[in-house]
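Just below is one structure, and these are the notes that go with it.
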Amino acid sequence: KPDIHELNAKQMWEEKKAAARWLHRAVKAAAEKEGFTGRGLHGFRKEFAVKRHAEYLQEVRTLVRTGNWQHLSERFSVSEKKARDMMTSWSRALKAGEDKKERLRVVDRAMDNAARLRLSEDLGHNRVDVTFAYVPRKRKK
């Protein structure tokens, strides 16, 4: 193998492609050994993201329903005001009349965004919009 510091741009590109092929083969072999078929690196990331999002969303919902705004603020990097607003909106939505369903939908979206913010940090993106590539938003029925 040549010294990395002595490579020209084309040689570096070839080394990068060779490393990518090696990594792809290693991941594919590990996936087959563990019983995952048709999964590459992004498949693993998607599987991780879907599971982690569900866990975070459940935790956010529990914190909102129990009124634990301090823990919500700390654990999910939302401001104290936003955490309190979620609690207030949740309790008001439960008492709402005709527009209860719409109010709950708004609070659910805020809780989903809090979970996605934490997930985006886990994925190394720190941008909520990236999480939709891994975990699409559920369509209204």
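The values are calculated or read from the model by the stated rules, or taken from the named source; none is laboratory data. The shown structure was predicted, so the numbers you read here are calculated from the model rather than taken from an experiment. So basically every Cβ, Gly included, is an ideal-geometry build from the backbone, and we count neighbours across all protein chains shown. Each accessible area value is taken on the protein alone, full model and side chains, heavy atoms only, with ligands, DNA and RNA left out. Shrake-Rupley method; radii C 1.70, N 1.55, O 1.52, S 1.80 Å.
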Item to complete: Would you check if there is a residue in the range 67-83 being open to solvent by 70 Å² or more (accessible area, probe 1.4 Å), farther than 19 Å from L117 by Cβ, at pLDDT below 95 and among the basic types (K, R)?
Response: no
Item to complete: Would you mind telling me which numbered condition in (1) at negative phi; (2) surrounded by 13 or more Cβ atoms within 10 Å (Cβ to Cβ) E98 fails?
Response: (2)
Item to complete: Answer yes or no as to whether M87 is surrounded by 13 or more Cβ atoms within 10 Å (Cβ to Cβ), of a type outside the set (S, T, Y) and in contact (Cβ under 8 Å) with a residue 40 or more places away in the chain.
Response: no
Worksheet item: What single numbered condition from (1) open to solvent by 40 Å² or more (accessible area, probe 1.4 Å); (2) over 16 Å from S73 (Cβ atoms); (3) assigned to a helix (DSSP H, G or I) fails to hold for R137?
Response: (3)
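Residues are listed down the side, and each one gets a yes or a no for (1) out of contact with any strand residue (DSSP E or B) (no Cβ under 6 Å at 6 or more places or on another chain); (2) without any contact (Cβ under 8 Å) to a residue 60 or more places away in the chain; (3) within 25 Å of F132 (Cα to Cα):
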site: A54; (1), (2), (3): yes, yes, yes
site: E59; (1), (2), (3): yes, yes, yes
site: V64; (1), (2), (3): yes, yes, yes
site: E98; (1), (2), (3): yes, yes, no
site: A115; (1), (2), (3): yes, no, yes
Worksheet item: Among the residues of the range 5-22, how many are surrounded by 10 or more Cβ atoms within 10 Å (Cβ to Cβ) and farther than 27 Å from H42 by Cα?
Response: 1
